[in-house]
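Asks: Before anything else, here's the structure in question.
The values are calculated or read from the model by the stated rules, or taken from the named source; none is laboratory data. Values in this document were obtained by computation on a predicted structure and should not be read as measured data. Don't worry about glycine lacking a Cβ; one is built from the backbone with ideal geometry, like all the others, and counts go over all protein chains shown. SASA here: full protein model, heavy atoms, side chains in, ligands and nucleic acids out. Shrake-Rupley method; radii C 1.70, N 1.55, O 1.52, S 1.80 Å.
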Amino acid sequence: MSKEFIKNRKGQKVAVLIEQNKNSKGLVFIMHGLSGYKEQPHIEVMAEAFKGNGYTTVRFDTTNSFGESDGQYEDATTTNYYEDLEDLIAWSSKQTWYEEPFVLVGHSSGSMCILLYAEKYPKKIKALAPISCAINDNLKEKLYTDESLKDWREKGIKESTSYSGKLKRLKWNFMVDAAKHDPLEKADVITMPVLLIVGEKDTSTPLEYQKEVKRAVKGEVELHIIKGAEHTFREKNELIELENIIDKWIKKI
C-alpha cells in the first residue's frame with residue numbers, strides 16, 4: 001500500500017491510498033460519504049472485496065471532511081466532494097497503474113458523486129456501486145420536514161455529534177449546493193452494471209431512494225437490503241454481509 005498527497009484544482013492537499021495489484025484484473029476508485037474518511041470500516045471492507053478479486057484499489061479523503069485532506073467539514077458541499085473525485089481520477093490517469101474502464105464505488109454522498117461522474121464520463125466506467133445512495137436533497141426535505149431542518153436553515157449551521165464523539169458543524173450551504181445536483185437527471189446514460197445496497201433501518205438514504213435509482217438507470221441492477229443495518233454499516237455481521245455481496249457482484253462484472 002502507498003500513500004500519496006496530491007493537489008486538487010484549488011491547490012488543496014488530498015490524501016490518497018493506493019493498493020496496486022501487479023497482475024491487476026481492474027481498477028476501482030472508492031469514495032466515502034459526507035464527513036467520512038478512507039479508513040472507515042465499511043470503506044476498508046469495500047476495498048478488501050476488490051483487492052481479493054485482483055483489483056488495484058484507490059481510496060481517498062475528500063477535502064472538507066475528517067480525513068487527512070485539507071479543509072473544514074463545515075464547508076463541505078457536494079460540489080467540492082465531486083470535484084475532488086474528478087481531480088483524483090485526472091491525476092490517476094497519468095499513473096502507470098491506471099486503466100479504463102474502471103469501477104466506481106461510493107457511500108452516501110460519495111454515491112451521489114460517482115453517479116454524477118458516470119453520467120459525465122460513461123465510457124470510462126465498467127461498473128458502478130452507489131452504496132446507501134444519496135439523491136437530490138430536495139427530496140430529503142420533502143421526506144424529513146421536521147424542526148431540525150427549519151432550525152438548520154434559520155441558524156445557517158447545524159451541530160451534531162459523530163459516532164466517534166466528534167463535534168460536527170455543517171453550514172446550510174450544503175443543502176443549497178446539493179439542490180443544484182440531480183444525479184438522476186441523466187441516468188439513462190448509465191448502461192453499465194449497477195450494485196445498490198442499503199441498510200434496512202437507513203433513514204438518511206432509505207430504500208425509497210435506492211428504488212428511485214434503480215428505476216432511473218438503464219444498466220442491469222442488483223439491489224440488496226442488509227437486515228438491521230442503519231445508514232453506515234458498523235456491526236461485524238453487517239460488514240461481513242457487505243463484503244460478501246460485493247465479492248459476488250465483482251465476479252459477475
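Asks: Scan the chain and report its longest stretch carrying no chymotrypsin sites (Phe, Trp or Tyr not before Pro) that are both in a DSSP loop and have at most 13 other Cβ atoms within 10 Å.
Replies: Details: sites that count: Tyr144, Tyr163.
Between the exposed loop sites, the longest stretch runs 1-143.
Asks: Accessible area per residue, 1.4 Å probe, Å², for the chain: what's the number? Display every interim value, and only then the final one.
Replies: Values: 11800 Å² over 253 residues.
Averaged over the residues of the chain, the accessible area is 47 Å².
Asks: Can you tell me the relative contact order of the chain? Whole percent, Cα pairs under 8 Å, sequence separation 6 or more. It would help to have the intermediate numbers written out before the result.
Replies: On the way: 527 pairs, mean separation 45.2, N = 253.
18 percent.
Asks: Follow-up question, since we're still on this one. Using a Gaussian network model of the chain whose springs link C-alpha atoms within less than 10 Å, name the residue from Leu170, Leu149, Leu196 with the highest mean-square fluctuation.
Replies: Maximum fluctuation in the GNM of the chain, among the listed residues, is at Leu149.
Asks: Report the Rg/Rh value for the range 1-149, based on alpha-carbon coordinates and the Kirkwood definition of Rh. Don't skip to the answer; put the middle values down first.
Replies: Numbers: Rg = 15.1 Å, Rh = 15.5 Å.
Over the Cα atoms of the range 1-149, Rg/Rh equals 0.97.
Asks: Then there's this: Compute the length gained on full extension between Glu4 and Glu220: take 0.36 nm times their separation in residues and subtract their Cα-Cα distance, giving the result in nm to one decimal. All intermediate terms of the calculation are to be shown ahead of the outcome.
Replies: Details: separation 216, 0.36 × 216 = 77.76 nm, distance 3.46 nm.
Taking Glu4 through Glu220 to full extension adds about 74.3 nm, to one decimal.
Asks: Which of the lysines could be linked to Lys158 by a straight reach, that is with a Cα gap under 28 Å, when you skip same-chain ones fewer than 8 residues away?
Replies: Straight-line reach from Lys158, under 28 Å: Lys10, Lys13, Lys38, Lys140, Lys142, Lys150, Lys166, Lys168, Lys171, Lys180, Lys201.
Asks: Grab the Cα-Cα distance for Ser93 and Ile18, subtract it from 0.36 nm times how many residues apart they are, and report the gain in nm with one decimal.
Replies: Working: separation 75, 0.36 × 75 = 27.00 nm, distance 1.34 nm.
Additional length available on full extension: 25.7 nm.
Asks: Counting DSSP beta bridges in the chain, what percent are antiparallel, to the nearest 5? Kindly include the intermediate steps, with their values, before the conclusion.
Replies: Numbers: 15 of 38 bridges.
Counting DSSP beta bridges with both partners in the chain, the antiparallel share is about 40 percent.
Asks: Per the helix-only calculation at 222 nm, which mean residue ellipticity applies to the chain, given -39500 (n - 2.57) for every DSSP H run of n ≥ 4 and division by its residues, nearest 500 deg cm²/dmol?
Replies: Details: 8 runs with 85 residues, N = 253.
It comes out at -10000 deg cm²/dmol, rounded to the nearest 500.
Asks: Hey, another quick one. Once you have all Cα-Cα distances for the range 1-60, histogram them in 5 Å bins from zero and send the whole-percent values.
Replies: Once binned at 5 Å, the Cα pair distances of the range 1-60 give 4, 18, 27, 24, 15, 8, 3, 0.
Asks: State, to one decimal in nm², a quarter of the convex hull surface area for the C-alpha atoms of the range 104-253, i.e. the direction-averaged projected area. Present the calculation step by step, with values, prior to reporting the outcome.
Replies: Working: hull surface 36.8 nm².
Orientation-averaged projected area of the Cα hull: 9.2 nm².
Asks: To continue, here is another question. Which percent of the accessible area of the range 1-91 is formed by carbon and sulfur heavy atoms (probe 1.4 angstrom)? Walk me through the numbers before you get to the answer.
Replies: Values: 1470 of 3410 Å².
Result for the range 1-91: 43 percent of the exposed heavy-atom area is carbon or sulfur.
Asks: A further question follows. What percent of all Cα-Cα pairs in the range 163-229 falls in each 10 Å bin, counting up from 0?
Replies: Once binned at 10 Å, the Cα pair distances of the range 163-229 give 17, 35, 35, 12, 0.
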